[in-house]
């Protein structure tokens with residue numbers, strides 16, 4: 001059904017593009033036509049609600065003084081092996097929960113032109129071939145940097161390589177930095193604006209601008225005209241605030257969004273998925289349950305996108321071998337990989353945020 005809907009939407013978009021092109025040809029004298037007017041129109045920007053996905057992270061988190069290698073991949077894999085493994089993962093992200101978006105980490109060791117980056121490109125290419133949106137987000141090289149770019153020259157070289165590789169692919173989106181908490185709000189806005197000014201060929205509608213701090217407050221970026229046309233990204237976790245009731249969670253979240261929800265994607269949020277909590281229980285007093293219910297309600301009410309942290313990978317703090325927030329358990333080896341959903345009520349709330357049932 002999902003493939004049918006994509007095909008139908010693509011057909012309708014094609015008809016709209018054809019109609020617009022014919023209208024333009026009637027209205028403009030032939031002598032005034034340029035090469036650009038004869039080229040295929042760019043796809044219309046996606047609504048924030050079109051981003052329905054999960055993060056695919058490195059075991060132990062993505063802050064790494066070396067290549068970022070998402071769970072299930074190996075640094076010894078070549079491009080073809082990465083692509084084959086990733087295709088299996090994406091098929092199951094889609095078939096089990098209906099995801100259409102994956103958020104992937106990058107750093108200076110993991111981009112085209114580096115040994116791992118040339119292989120890792122297979123994960124991006126497999127995603128777009130599967131019809132997924134891909135959000136590429138920079139994690140600074142190691143957590144000790146304090147939420148600032150470690151080496152600005154390396155940062156710029158990394159992004160130049162990434163945008164050169166994928167800026168012509170409308171399914172790939174660029175998030176200049178994940179959780180830029182080492183910068184003041186004004187500093188971060190200037191860093192992000194410089195990133196955009198340095199890459200004028202990247203359309204604004206293909207850029208995610210992170211909220212201030214740990215991707216927390218998007219209002220200052222939303223009101224900055226330098227970011228007109230971009231998406232905004234926001235994160236919310238219980239460890240930002242501690243224990244609160246449902247209404248307090250709603251208030252905390254909405255206060256960081258303001259009136260910017262329609263262009264904002266919640267591209268990190270998560271809670272324990274391995275201990276049987278029932279996220280469908282509206283009467284529960286459990287802090288995690290109230291947090292997930294409030295967060296997913298706000299996403300739906302404000303017409304936001306939602307990308308869960310993590311689908312795979314993540315921190316091994318509460319559990320020695322996996323992130324207890326991870327939505328899936330991975331089994332198998334090589335390209336014979338299988339995903340198992342850890343908590344179906346968590347998936348139900350994700351579907352609620354997405355305003356979908358599968």
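How many of the residues making up region 119-136 are under 17 Å from residue 157 (Cβ atoms) and in contact with a strand residue (DSSP E or B) (Cβ under 6 Å, 6 or more places away or on another chain)?
Keep residues of region 119-136 that are under 17 Å from residue 157 (Cβ atoms), which gives 120-121, 136.
Checking the rest, the ones that are also in contact with a strand residue (DSSP E or B) (Cβ under 6 Å, 6 or more places away or on another chain) come to 136.
Total meeting the criteria: 1.
Condition first: in contact with a strand residue (DSSP E or B) (Cβ under 8 Å, 6 or more places away or on another chain), in the same structural domain as residue 348 (by TED's automatic domain parsing) and surrounded by fewer than 21 Cβ atoms within 10 Å (Cβ to Cβ). Can you find one or more residues in region 104-118 that meet it?
No, because not a single residue in region 104-118 is in contact with a strand residue (DSSP E or B) (Cβ under 8 Å, 6 or more places away or on another chain), in the same structural domain as residue 348 (by TED's automatic domain parsing) and surrounded by fewer than 21 Cβ atoms within 10 Å (Cβ to Cβ).
Among the residues of region 45-59, are any in a loop (DSSP other than H, G, I, E, B), over 30 Å from residue 144 (Cα atoms) and at pLDDT below 95?
yes
Provide a single number: the residues in region 140-188 that are more than 21 Å from residue 66 (Cβ to Cβ) and touching a residue at least 60 places away in the same chain (Cβ under 8 Å).
Of the residues in that region, 1 qualify.
Picking from 259, 286, which residue would you name as being farther than 28 Å from residue 174 by Cα and without any contact (Cβ under 8 Å) to a residue 40 or more places away in the chain? Full working, then the answer.
Numbers: 259 fails: farther than 28 Å from residue 174 by Cα.
One residue alone meets the criteria, 286.
Answer with yes or no whether residue 132 is surrounded by fewer than 23 Cβ atoms within 10 Å (Cβ to Cβ), within 16 Å of the chain's Cα centre (by Cα), at pLDDT 95 or above and within 21 Å of residue 57 (Cβ to Cβ). Spell out the reasoning first.
On the way: surrounded by fewer than 23 Cβ atoms within 10 Å (Cβ to Cβ): yes; within 16 Å of the chain's Cα centre (by Cα): yes; at pLDDT 95 or above: yes; within 21 Å of residue 57 (Cβ to Cβ): yes.
Taking the combined requirement at face value, the residue satisfies it.
Looking for something under 24 Å from residue 341 (Cβ atoms) and within 22 Å of the chain's Cα centre (by Cα) - is there at least one such residue anywhere in region 251-266? Explain how you work it out, then say what you get.
As a first pass, look at region 251-266 and keep what is under 24 Å from residue 341 (Cβ atoms): 265-266.
Filter again for within 22 Å of the chain's Cα centre (by Cα), leaving 265-266.
Yes; the residues of region 251-266 include at least one that is under 24 Å from residue 341 (Cβ atoms) and within 22 Å of the chain's Cα centre (by Cα).
What number of residues within region 135-162 satisfy the criterion of being assigned to a helix (DSSP H, G or I) and either within 21 Å of residue 311 (Cβ to Cβ) or over 19 Å from the mean Cα position of the chain (by Cα) (or both)?
Restricting attention to region 135-162, the residues satisfying the condition of being assigned to a helix (DSSP H, G or I) are 143-145, 152-162.
Those left that are additionally either within 21 Å of residue 311 (Cβ to Cβ) or over 19 Å from the mean Cα position of the chain (by Cα) (or both): 143-145, 152-157, 160-161.
Of the residues in region 135-162, 11 are assigned to a helix (DSSP H, G or I) and either within 21 Å of residue 311 (Cβ to Cβ) or over 19 Å from the mean Cα position of the chain (by Cα) (or both).
Just need a number here: residues in region 313-358 that are touching a helix residue (DSSP H, G or I) at 6+ places or on another chain (Cβ under 7 Å), surrounded by fewer than 12 Cβ atoms within 10 Å (Cβ to Cβ) and modelled with pLDDT of 95 or more.
Result for region 313-358: 0.
Please indicate, with yes or no, whether at least one residue in region 317-336 is outside any loop (DSSP other than H, G, I, E, B) and within 30 Å of residue 194 (Cβ to Cβ).
So the first thing to find is which residues in region 317-336 are outside any loop (DSSP other than H, G, I, E, B), and the list is 328-333, 336.
Narrowing further to those that are within 30 Å of residue 194 (Cβ to Cβ): none.
Looking through region 317-336, none of the residues is outside any loop (DSSP other than H, G, I, E, B) and within 30 Å of residue 194 (Cβ to Cβ).
Hey, among the residues in region 74-89 that are buried (at least 23 other Cβ atoms within 10 Å of the Cβ) and within 19 Å of the chain's Cα centre (by Cα), which one's nearest to residue 308 (Cα to Cα)?
The extreme case among them is 89.
The values are calculated or read from the model by the stated rules, or taken from the named source; none is laboratory data. Keep in mind the model is a prediction, meaning the values are calculated, not measured. Every residue, glycine as well, gets a Cβ built from its backbone with ideal geometry; the counts of neighbours run over all protein chains shown.
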